[in-house]
Every structure is written in C-alpha cells, then in structure tokens.
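Colleague: Have a look at the structure that comes next, please.
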Amino acid sequence: MQIQQRKFIVAPEPVVLPVTGEDAVFAVRRLYCVGRNYVDHIREMKEGDERDPPFFFQKPADAIVLDGEAVAYPAFTDDFQHEVELVAAIGRGGRDIPVAQALEHVFGYAVGIDLTRRDRQREAREARLPWEVGKSFDRSAPCGPIHPAAAVGHIGAGTIALSVNGVVRQTGDIGQMIWNVAEIVANLSRHYALAPGDLVFTGTPAGVGPVVPGDRLEATVAGLAPLVITIAEQER
Ligand code: MN
C-alpha cells in the first residue's frame, strides 16, 4: 500500500508533552478544564451552588507551556492569577463512558496551572459573556511532564499546592475534589467525544491569587514531578 505524500501550505508544530520514563512524547489534541471542583475555592470566588454538576471550558492546545519556561505577563489584564490543578491525560477515547470504566481511559497525570485573567473572567461572568478572554489566551496552560498511571497509579488523594517565590499560596488535597477524575471523565464524555491526546485540568483548591513579573511559581501534586514556571515582563 502506497502512502501518499501530502504537502502542506502551512504546518503548525504539533504540541507535545514529555512522558516520564519514556523517549516517546504525548501529542496534545484538546485541553478541557473543569470550572469549579473544590468547595473552598467556590467559596472564595463567592459563586455557584456547591452541589452543581461540573461545567467545562476549553483552552487551545497551543496554550501549553512546558516546565521550566517563562510566561510573559499577558496584555489586557491587571489581575493575572494562578490556579494549580491536577491534569488527567486521556490515552483512549470514548463517549458516554461509565464512571466505573473511566480510569481505563486515563493514560497518566501531570501538574498544571490554569493561568487566568481574573479581571476579564469576572467581567465576562457578570455580563453573561463567554470566558475565552479570561481563560483561553496564549500561554495560559503550563503543564508538567505526564506520568503514566502504569507507573504512578491513579491519583485520588494527596497534597496539591502552589508556592510563589517559596511562599505557599495554595494548598489542598486531591481527595477534596467535588467530582473525582473518573466522574469528570465520565461526565465530560457525555458532552464531547474524548480522544487520545486530550488533557483535562480538574479544578483548583483555594488560595488563587495574582502574580507579577519576576515571580517563580512552583506547582506540586504528591507523587508527581513539580512544575516550575517564571513570570516575565510583558512583551511589547
Ligand atoms: Mn481552573
């Protein structure tokens, strides 16, 4: 069988994440985020009913930032904030996945940060407009290396934390999630057909706050390699 050589007019670079213990990389397809998933963060944001079902938004795959990189302070905000999150990496696709089988679709886990233009997000929420400008901008999704579940197991408990310049700002436990990873994957697969390469940011605990150029952020989840990024001056 002959494989036809396709020529591209433009060819964007694929977005890939390293996988611990492997030479092969993980190609990212879509990036889903859970909007609210820890009670204490819902309370600090003063929004919503704590028993509401999870809701989802997306970031573009090329918003990924790798461990060790710098993120320039973005334009169009005066309140640029961090949200540390456990990231589940989908290895097998599906739709209407039952909760009991959902973890079979998770290839592995990483530490992520959902970077947010909080002022723009609040404005959009109050005006009942889409969240894109507050959430789905360039370089808004730092993500560490993916750890295969075959090596580290599935993550249902353990400390999740974020420090800025060595000072702890966010701390919680994965076990405090209102919707656990299996429930999130099952619910998400009713809204969208999941496919290999999808990442799911699973929500943030309390303590979100602003960052400024020069800050060093270290995000951790027990059992996973930390994710470190720095905030750089705004690009002009
Ligand atoms: Mn978030």
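The values are calculated or read from the model by the stated rules, or taken from the named source; none is laboratory data. None of these values were measured; they are calculated from a predicted model. So basically every Cβ, Gly included, is an ideal-geometry build from the backbone, and we count neighbours across all protein chains shown. Please note that ligands, DNA and RNA were not included when accessible areas were found on the heavy atoms of the full protein model with its side chains. Shrake-Rupley method; radii C 1.70, N 1.55, O 1.52, S 1.80 Å.
Colleague: When region 72-96 is examined, which residues are found to be within 16 Å of the ligand (Cβ to nearest atom) and outside any loop (DSSP other than H, G, I, E, B)?
Modeller: Residues satisfying the conditions are 80, 81, 82, 84, 85, 86, 87, 88.
Colleague: Related question: Are there any strands (runs of 3 or more DSSP E) wholly within region 134-223 with 1 or more residues that are within 16 Å of the ligand (Cβ to nearest atom), open to solvent by less than 20 Å² (accessible area, probe 1.4 Å) and farther than 23 Å from residue 55 by Cα, and if so which?
Modeller: 159-164, 216-221
Colleague: While we're here: State all residues of region 56-70 that are within 16 Å of the ligand (Cβ to nearest atom), open to solvent by 10 Å² or more (accessible area, probe 1.4 Å) and among the aliphatic types (A, V, I, L, M); if no residue qualifies, say none.
Modeller: Residue satisfying the conditions is 64 alone.
Residues are listed down the side, and each one gets a yes or a no for (1) of a type in the set (Ser, Thr, Tyr); (2) modelled with pLDDT of 95 or more; (3) within 22 Å of residue 57 (Cα to Cα):
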{"position": "146", "(1), (2), (3)": "no, yes, yes"}
{"position": "157", "(1), (2), (3)": "no, yes, no"}
{"position": "163", "(1), (2), (3)": "yes, yes, no"}
{"position": "174", "(1), (2), (3)": "no, yes, yes"}
{"position": "188", "(1), (2), (3)": "no, yes, yes"}
{"position": "192", "(1), (2), (3)": "yes, yes, yes"}
{"position": "222", "(1), (2), (3)": "no, yes, no"}
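Colleague: Taking the stated definitions as given, is residue 53 loosely packed, with under 13 Cβ neighbours inside 10 Å, more than 18 Å from residue 221 (Cβ to Cβ) and at pLDDT 95 or above?
Modeller: Against the criterion (loosely packed, with under 13 Cβ neighbours inside 10 Å, more than 18 Å from residue 221 (Cβ to Cβ) and at pLDDT 95 or above), residue 53 does not qualify.
Colleague: Report yes if residue 10 is within 16 Å of the ligand (Cβ to nearest atom), not in a helix (DSSP H, G or I) and not charged (D, E, K, R), otherwise no.
Modeller: Judged against the criteria, residue 10 is not a match.
Colleague: Let me ask something else. Out of the residues in region 78-107 meeting the condition of being under 16 Å from the mean Cα position of the chain (by Cα) and among the charged types (D, E, K, R), tell me which one is farthest from residue 176 (Cα to Cα).
Modeller: Going through the qualifying residues, I end up with 83.
Colleague: Under 7 Å by Cβ, and 6 or more places apart or on different chains, what pairs join a residue from region 179-199 that is more than 9 Å from residue 32 (Cβ to Cβ) with one that is part of a helix (DSSP H, G or I) and open to solvent by less than 10 Å² (accessible area, probe 1.4 Å)?
Modeller: Pairs found: 182/102; 185/102; 186/102.
Colleague: What are the residue pairs meeting all of these: first residue in region 17-37, first residue of a type in the set (Gly, Ala, Ser), second residue more than 16 Å from the ligand (Cβ to nearest atom) and assigned to a strand (DSSP E or B), Cβ atoms under 6 Å, and 6 or more apart or on different chains?
Modeller: The qualifying pairs are 27/16.
Colleague: Any chance region 18-25 includes a residue that's assigned to a strand (DSSP E or B), touching a Ser or Thr at 6+ places or on another chain (Cβ under 6 Å), closer than 18 Å to residue 145 by Cα and not hydrophobic (A, V, I, L, M, F, W, C)?
Modeller: The answer is no, given that none of the residues of region 18-25 is assigned to a strand (DSSP E or B), touching a Ser or Thr at 6+ places or on another chain (Cβ under 6 Å), closer than 18 Å to residue 145 by Cα and not hydrophobic (A, V, I, L, M, F, W, C).
Colleague: Being open to solvent by 10 Å² or more (accessible area, probe 1.4 Å) and either within 14 Å of the ligand (Cβ to nearest atom) or over 30 Å from residue 23 (Cα atoms) (or both) is the filter here, so list the residues in region 98-120 that pass it.
Modeller: Within region 98-120, 98, 99, 100, 117, 119, 120 meet the criteria.
Colleague: Can you work out which of the residues in region 71-92 that are small (Gly, Ala, Ser) and more than 21 Å from residue 156 (Cα to Cα) is least open to solvent (accessible area, probe 1.4 Å)?
Modeller: Among those that are small (Gly, Ala, Ser) and more than 21 Å from residue 156 (Cα to Cα), it is 72.
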